[in-house]
Structure formats: C-alpha cells, structure tokens
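Report on the structure given below.
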Amino acid sequence: MSWTPDRIKELEKLWAEGLSTAEIGRRLGVSKNAVVGKAHRLSLPGRQSPIDRKRRTTARRVTPRAKPASAPRKPPAAAAQKPLATEKAPPPPPPRAKTHNHKGPSCQWPFGDPKLPGFHFCGAPSEPGKPYCSQHCAIAYNRVSASQADAEANKAAAA
C-alpha cells in the first residue's frame, strides 16, 4: 500500500472532519495505525483524545444541583475537636527501652495500636528463622494434623 496524492487528500479531508482514526482507516482501506503514522508525518493538527472527549461530554451533561436555601450548616463534630493552629501538638512519646536483655533477633508480635503511644513488640527471643517467639509462633502458625495431611495427599494423588 502506498500513499498516493489522492489518498493523502482524502486523509486530510476526513481528518479535518474529525472522524476517528479507525473510521478513516476503514474508508481508506488501511489500519488506524497507518492513519496515525501518516497524519503525524504530514504534521496534521492534533486532536483531542476520544477518551477525553467522552469524559468532557459526560461532565457537561451533569447539571449542578441548586443548593436549597436553609440555615447555615454547623461544622462536623470531628472538625470541632481538631486542635487549633495556635495550640501545640503534644510531643511524640520517647522511644521505648527494650524490656528483654538478649542478643539476636527479637519477637515482632505487635501489642496495641501502632498509632497510639503504648504500642510495642513482644521483644522476646525469636525462634530461629521465624519472626516470633515460641509462644507467638504457636498462635501465628497452624500445624496440619496427620489426618489433614493424608487427605491432602490423597487429593493430590487422585488429580
């Protein structure tokens, strides 16, 4: 396929009409990518994306609601509880000292809410290769019973 002067004129005309690149390609018997490439090489004026065009037309169709005339609104309760800019925020809590004196990795089991000052980790010596101590490993990891393991093995063998 070559771009003849007649095809180029047709491309420019259809481009100016605002047809999509896919539609121009159908009419000229080429792919939309061929249309885009030739339009770029010809330095045809850019056009708005069809996706953006859909968004703008949808946005225009939405009519803003008129606000009813009513008494002035009260600020939400949460806004009323926020400290004013003139008040100083309380200083952050000091870093917690380790409660266990041991070397090596410590248990990372969390206690409390991380956003609150009392938050901390267990800190006991952790099990080798695990992030938790033996007590918290018992909670965090579920062991597969022998009957469950047998059932899973039978299911795998049947498949």
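The values are calculated or read from the model by the stated rules, or taken from the named source; none is laboratory data. These numbers come from a predicted model, not from an experiment. Cβ coordinates were reconstructed from backbone atoms using ideal geometry, including for glycine residues, and neighbour counts include every protein chain displayed.
Key figures for this structure:
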{"quantity": "Contacts under 7 angstrom Cβ, first residue in region 129-144 being within 8 Å of W109 (Cβ to Cβ), partner modelled with pLDDT of 85 or more and of a type in the set (D, E, K, R), 6 or more apart", "calculated": "C133/E127"}
{"quantity": "Among the residues listed as N154, N142, the single one being of a type outside the set (A, V, I, L, M), out of contact with any Pro (no Cβ under 6 Å at 6 or more places or on another chain) and not in a loop (DSSP other than H, G, I, E, B)", "calculated": "N154"}
{"quantity": "Candidate set: region 11-31, residues that are aliphatic (A, V, I, L, M) and touching a helix residue (DSSP H, G or I) at 6+ places or on another chain (Cβ under 7 Å); chosen: the one farthest from P45 (Cα to Cα)", "calculated": "L28"}
